[in-house]
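Comments concern the structure below.
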Amino acid sequence: MEIDVPETMAEVEKEVARRQANGETVTEAEVIKRTVLASFQAYLEFAEEGHYDSAKWAGDNIEVIDIMKQPIETIKPQTDSFVTDFKASNDACFLYLQEAATKIAGMR
C-alpha cells in the first residue's frame, strides 16, 4: 500500500510551502486532514482487500460509509482532533488509523 501524502510534520510544512508558492491558499491543518483521511482510506482498502467502504469527514471524526451509502462506524481522534494527534506523533496517529481500519474490516 503506497499513497502520496506527507508522512511527517517536516513533509507537511514542505507541502504547504510548495502549494502556497503555486498560489494555493492552504494551511497545515488542511494538509494534515487530507493526509489522515487518505491514509485511513488506504488502510481500510488494504484491510478489506479492495474498496468496499469509504471514509469521509464528519466534523472532527472520520465516518465510514458502506457500499449501500450507510454509515457503519465513526472513528474519533485520540485527542481533540486528528490534526493534534498527527502533530503529537505522526507514527502513533498512523498506527491508530491502521488499527481502526483493521477492526472495521474484521466486522464485515
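Throughout, read-outs are computed from the coordinates displayed, never taken from laboratory work. No experiment lies behind these values; they were computed from the predicted model shown. Positions of Cβ are generated from backbone atoms using ideal geometry, with glycine treated the same way; all protein chains shown enter the neighbour counts.
Computing semi-axes √(5λ) of the Cα gyration tensor in Å directly from the structure and comparing it against [x] 25, 14, 13; [y] 26, 23, 12; [z] 24, 19, 11 singles out [x]. A dipole drawn for the chain from +1 and -1 charges on Cβ atoms has a positive end, and of Tyr43, Gly59, Asn90 the residue lying farthest that way is Gly59. When you count the other C-beta atoms within 10 angstrom of each residue and take the mean per peptide, 59-72, 35-48 line up highest first as 35-48, 59-72.
Across region 83-97, computed HN-Hα scalar couplings (Karplus, 6.51 cos²θ - 1.76 cosθ + 1.60, θ = phi - 60°) run 5, 5, 4, 5, 5, 5, 6, 4, 5, 5, 5, 5, 5, 4, 5 Hz from first to last residue, x flagging Gly and Pro. The alpha-carbon of Lys76 sits under 26 angstrom from the alpha-carbons of these lysines, leaving out residues fewer than 8 places away in its chain: Lys33, Lys56, Lys87, Lys103.
Remark on Ala58: its backbone amide H falls under 5 Å from those of Glu63, a criterion applied only to residues 5 or more positions apart or on other chains, H modelled at 1.01 Å from N. Less than 5 angstrom separates the built amide H of Ile72 from those of Val64, Ile65, Asp66, all sequence-distant by 5 or more or on a different chain.
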